[in-house]
Amino acid sequence: MRTQLFSTIVIFSALSGLTLSETAHARMKCWTNNEGVKECGNKIPPEYAQQGHQELGKSGVVREKTKRAKTDKELAEEKRLAQEKAKQEKQDAEKKNQDRILLATFSTVADIERARDERVTALEATIKLTKARNDKIQLDLDKRIQAAANAERAGKAPPEDLLNDIESLKRQTDNNNEFIDGKHAEQEEIKKAHAIDIERFKKLKGIE
């Protein structure tokens, strides 16, 4: 009976020792110090906490690897790359949507050319109307300039109202000319945009 009790105690002690050993081993961590030497222990020193380390299981087998913490520079670069990727994905989505609209709006290249010509012609009508208005203003301006010149030749100062009218008509002429230039530029932008649409349409349709 005593022999059996003794054996039980020995076995229990052995198992307890084994359990404690395995528990301690399971918490074993290994890291590399500043000298490049590998060190191991149950707790990583604070100065190496941000470095990568390995956690060992029983029998010294690596159970888990933890990467080192990223530096501020690495985090900033990671953020920049993520932003660039998001930007590119947004551009790709917008391009895909533009292609869908292009194919849904036009059936042939001739349709695109017709839409281009209609917009350019509409602007041309506006330009002609503004030019006609400017011609009338210029005639009125010439009369007032002549009246002012006649007054000066007669040794008289041109009336203040006359001079104000001359300045006002000049401003109107300048504004109209600027408006016309803007419409001409708009026509060119329309032509360029439709040229791009035509090339893209041909590519999407497989037209040579």
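Miscellaneous remarks
- Residue in segment 114-122 that is in contact with an Asp or Glu (Cβ under 6 Å, 6 or more places away or on another chain), at pLDDT 90 or above and surrounded by 13 or more Cβ atoms within 10 Å (Cβ to Cβ) present: no
- When the strands (runs of 3 or more DSSP E) confined to segment 1-92 are screened for residues that are at pLDDT 75 or above and touching a Leu at 6+ places or on another chain (Cβ under 8 Å), those reaching at least 1 such residues are found at 29-32, 38-41.
- Residue check for R116: within 25 Å of I198 (Cβ to Cβ) and either among the hydroxyl-bearing types (S, T, Y) or within 31 Å of the chain's Cα centre (by Cα) (or both): yes
- The residue pairs whose first member lies in segment 61-89 and is under 14 Å from Q51 (Cα atoms), whose second member is in a helix (DSSP H, G or I) and not basic (K, R), and whose beta carbons are closer than 8 Å, counting only pairs six or more residues apart or on different chains, are K70/E78.
- The set of residues from segment 29-46 being loosely packed, with under 13 Cβ neighbours inside 10 Å and closer than 15 Å to R68 by Cβ comprises N33, N34, G36, K38, P45, P46.
The values are calculated or read from the model by the stated rules, or taken from the named source; none is laboratory data. The structure displayed is predicted, hence computed values, not measured ones. FYI the Cβ positions are ideal-geometry reconstructions off the backbone, even for glycines, and counts take in every protein chain you see.
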